[in-house]
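Enquirer: This is the structure I have questions about; it appears just below.
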Amino acid sequence: MATGQVLFHRFYCKKSFARFNVKKVAASCVWLASKLEESPRKARQVLVVFHRMECRRENLPIEHLEVGSQKYHDLKTDLSRTERHILKEMGFVCHVEHPHKFISNYLATLETPPELRQEAWNLANDSLRTTLCVRFKSEVVACGVVYAAARRFQVPLPENPPWWKVFDADKSGIDEVCRVLAELYSLPKAQYIPVCKDGDSFTFSNKSRDSQSQPIPKEISQTSPTANIKPVSAAINPESVGAKEVLVRVAIDKMKDSKKSDDESKNMSVEGEAREEPLPKSNSELKTEASRERNREREKERERERDREREDRIKARDRDRGRDSDRERDREETERDRDKAKDRSHRSKDRGKDSGGHSGKSRHHSSRDRDYHSSSYSSREKDRHRHHSYA
């Protein structure tokens, strides 16, 4: 409850009551607060409760809100749309710090009687009906609430030194909080005044259906929308307040329909005159065309990139194929070289065998020749010795 009220005040510090319906915003704030406080509720539960409350406050017959109806669908879409507006205005910063958590600590520190705690708690709840939660810090509001409760019960608080300085507050803020609370209790009971242009939130569709189902008196003239209201008020029983509201709204609807028909006739005439001349395009149309052109250019670039990728893939495949063919050629050449080397080795072995046989024969003959030469040499020397001896 407290978080929803703080969100409500924060939202309407930036937005107008005439633009955003108070009832829709209240329901969206409660729905968002249930998520922030980790006690989530379904949208159906929030809508059913607010619909029943509004029917009671406006003295209407309480009807059950059917989940599958078009009215429920519209209310649910409005609820989620308003929640998005609230989050957007707050920049998705929804942290809330309440003065309630400071009250018990402050009172325990000041050693006040226990009945003062409940009174200060009630004042903190009532302060959420004002704008104190967006004007002051939660510590200042808690000090102001404690001060007002102590004044009511006539409980003295230490002033030398001042007790509020310990809790990070000033006397001017405390006095302003007490003044706003006193002014709140002096006001009469609050009443709802419809100021939003969109109409009511939860019972508008019911009233419009009831007004369409009820027969309209024949005394109502269809000449001008202002004349429609007078006979209706004369023909209605003054005791039936709900019927008055229904017929007044019927007259307002007729006024709107007549204005719409006049606007449509004017638009038709303007369109007939403007057929000859081309109408200038609006900013939204220009933006859509520019976005379409950008999308087309992006698609063309993507197609070009895809074609480039395909070409690169084809080239890579061709390169791989060329590399495979080169590898096969290298393999064939290496195999040929190996075969040639094997043939050469075999031939050299055969030649070595042949040369080994001839070398043995030559070695045999050479030894014989050596023996022969040695024998001949020795005989010559003998002859020489003989000759010398004879000499």
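The values are calculated or read from the model by the stated rules, or taken from the named source; none is laboratory data. Please read all numbers here as calculations on a predicted model, not as lab measurements. Cβ coordinates were reconstructed from backbone atoms using ideal geometry, including for glycine residues, and neighbour counts include every protein chain displayed. Calculation scope for accessible area: heavy atoms of the full protein, side chains included, ligands and nucleic acids excluded. Shrake-Rupley method; radii C 1.70, N 1.55, O 1.52, S 1.80 Å.
Enquirer: Kindly sort Met1, Met53, Met90 by accessible area of their heavy atoms, largest first, with the probe set to 1.4 Å.
Expert: Met1, Met53, Met90
Enquirer: With an 8 Å cut-off on Cα pairs and a minimum separation of 6 or more residues, tell me the relative contact order of segment 19-160 in percent.
Expert: 19 percent
Enquirer: Please give the net charge around Trp121, taking every other residue with its beta carbon less than 14 angstrom from that of Trp121, where Lys and Arg add +1 and Asp and Glu add -1.
Expert: 0
Enquirer: Top to bottom by accessible area (1.4 Å), largest first, where do His95, His9 land?
Expert: Ranked from most to least accessible, the order is His95, His9.
Enquirer: More than 13 angstrom separation, counting every C-alpha pair in segment 1-44; what % is that?
Expert: Percentage above 13 Å: 51.
Enquirer: Separate question: Could you pull out the chymotrypsin sites (Phe, Trp or Tyr not before Pro) across segment 71-174 that fall in loop regions by DSSP (anything but H, G, I, E, B) with no more than 14 other Cβ atoms inside 10 Å?
Expert: Phe92
Enquirer: Based on the mean of other Cβ atoms within 10 Å per residue, sort peptides 12-24, 35-47, 122-134 so the most packed one is first.
Expert: Those peptides, ordered most packed to least, come out 122-134, 12-24, 35-47.
Enquirer: Continuing with the same structure: Largest first, what is the accessible-area ranking of Thr109, Thr288 with a 1.4 Å probe?
Expert: So, going from the largest accessible area down, we get Thr109, Thr288.
Enquirer: My understanding is that a pair violates if its Cα-Cα distance is over 28 Å; which of Lys23/Lys88; Lys23/Lys189; Lys165/Lys189; Lys71/Lys189; Lys14/Lys165 do that in this structure?
Expert: Those over the limit are Lys165/Lys189; Lys71/Lys189; Lys14/Lys165.
Enquirer: Separate question: Need the C-alpha centroid separation for segment 89-146 versus segment 162-184, integer Å.
Expert: So the two Cα centres are separated by 11 Å.
Enquirer: Would you mind getting the accessible area per residue of segment 70-158, heavy atoms of the protein chains only, 1.4 Å probe, in Å²?
Expert: 54 Å²
Enquirer: Once the other residues with Cβ under 13 Å from the Cβ of His73 are scored (Lys, Arg +1; Asp, Glu -1), what is the net sum?
Expert: Once all neighbours under 13 Å are counted, the net charge is +1.
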